[in-house]
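Presented below is the structure to which this report refers.
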Amino acid sequence: MRVEAAVHPAVALAAVAAGAGLLTWFAAGRSKRLGPAPLEGRRYAPRGSAVTASAAQRLNHASSMLAASVLFDSGLEHYRGQFFNRAMYTPIIVSSIALASSLHGAGDTDPGSSHVRHTVQALAGLTGLIGFGFHAYNVGKREGGYSLQNLFYSAPIGAPMALTLAGLLGIVAERVRDADPDEPRLGGKPAGRMLALATAGMLAGTTLEAGLLHFRGAFQNPAMFVPVTLPPLAAALLVRAAGKSEGASQVGAKWGMWAVSAMGISGVALHAYGVARMMGGFDNWRQNLIDGPPLPAPPSFSGVALGGLAALELLEHRPLRL
């Protein structure tokens, strides 16, 4: 007698993703380096260490939100595409281990970085770039090439870059942990300014993706204008903050980042309202969650905004050595 166990592919994929995430969590802790050696006997100011540790944790929170957004959004979108290409499984697994890595870093108060976390975030960034290439190819091969019609209804061309942004913020978190707490630098430049400018660029890119999809929806709800107006304004405030003198107050830019973060969270509720308005509403959730406004997409704005807040925290820090 032949016995067969039927397991839905989505269940198997979820189990693999969860297992990979757990393994990454434990590996990240085992590879932890317990802080950098002091430079020439210099002792760091306690507040400097607190600022860099706090900024690194905030960056890990930002990376976590972006990775979670990618995990659920790519899961829904690729499930709708019936995983036609085997490569469509990749972002689900990679975003799972990136999420586990970032959550581990968010709870890490030690100053030293983790080699596993750094490697995982680099892998996530590379995977997002490769995914962007796949999506760009998918759009270009359709009849009409890069027309608005194809940009609207083919694979969302900018979506994979969210995973790249998650990886970049995770990498920066590890670099900030290893930096001189009194004078953190990235690429030889002040870390706060570099991160503020990078985050402003991330906000601009995320706005372009949201603008394309909301334009497809003809901006039928006035609230759909918010994601294409508020983030660019907040990005401009970040650029202005990067040009201020070191240690200057950044209250205006902070308000901008908190506003974008709140917009990302409230966007989930607005997208849920859009799903509820479809025929059958949530009673027909199997179809409407896939075909309606994507619930996991808006928090990507919140993730980038948290990265901006980490940049502002570093910008407000005044170097002080004891």
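The values are calculated or read from the model by the stated rules, or taken from the named source; none is laboratory data. Because the structure is predicted, anything quoted here is derived from the model rather than measured. When we count neighbours, we look across all protein chains shown, and the Cβ atoms used for this are built from the backbone with ideal geometry, even at glycine. In case anyone asks, the SASA skips ligands and DNA or RNA and just uses the protein heavy atoms, side chains included. Shrake-Rupley method; radii C 1.70, N 1.55, O 1.52, S 1.80 Å.
What the table below lists for this structure:
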quantity	calculated
Total charge dipole magnitude, the stretch 173-298, about the Cα centre, Cβ charges on Lys, Arg, Asp, Glu only, Debye to nearest 20	240 debye
Cα-based helix-to-principal-axis angle, 115-140 vs the chain, degrees rounded to 10	40 degrees
Relative contact order [Cα under 8 Å, 6+ residues apart], the chain, whole percent	25 percent
Candidates Q250, Q149, Q121: whichever shows maximal mean-square fluctuation once the chain is modelled as a Gaussian network with Cα springs under 10 Å	Q149
Cut-off under 5 Å, modelled amide H: who pairs with L186 long-range	A191
Distance from the stretch 204-243 to the stretch 70-137 (C-alpha centre basis), Å	24 Å
Degrees separating the helix 251-276 axis from the principal Cα axis of the chain, which is the longest one	20 degrees
For the chain, built as a Gaussian network whose Cα springs stay under 10 Å, the top-fluctuating residue of L165, L99, L186	L186
The chain - mean residue ellipticity at 222 nm from DSSP helices (-39,500 (n - 2.57) per run, n ≥ 4, rounded to 500)	-23000 deg cm²/dmol
For the chain: accessible area per residue (Å², 1.4 Å)	51 Å²
Per-residue HN-Hα couplings for the stretch 50-66 [Karplus 6.51, -1.76, 1.60; θ = phi - 60°; Hz; x = Gly/Pro]	5, 5, 5, 5, 5, 5, 4, 5, 5, 5, 5, 4, 4, 5, 4, 5, 5
Spin-label model distance (nm) - Q287 vs L129, 7 Å beyond Cα toward Cβ	4.2 nm
Size of electric dipole in the chain: Cβ of Lys, Arg +1 and of Asp, Glu -1, about Cα centre, debye, nearest 20	380 debye
Backbone HN-Hα couplings from phi across the stretch 144-150 [Karplus 6.51/-1.76/1.60, Hz, Gly and Pro as x]	x, x, 7, 8, 4, 4, 6
Label point distance in nm, A204-A272, each placed 7 Å from Cα along Cα→Cβ	3.4 nm
Candidates V94, V70, V275, ranked by Gaussian network fluctuation over the chain, Cα under 10 Å, top entry	V275
Reciprocal mean inverse distance between Cα atoms of the chain - Kirkwood radius, Å	20.6 Å
Fraction of accessible area attributable to carbon and sulfur, the stretch 232-295 (%, probe 1.4 Å)	66 percent
Residue (of Y79, G140, V251) at the positive-pole extreme of the chain, dipole from beta-carbon charges	V251
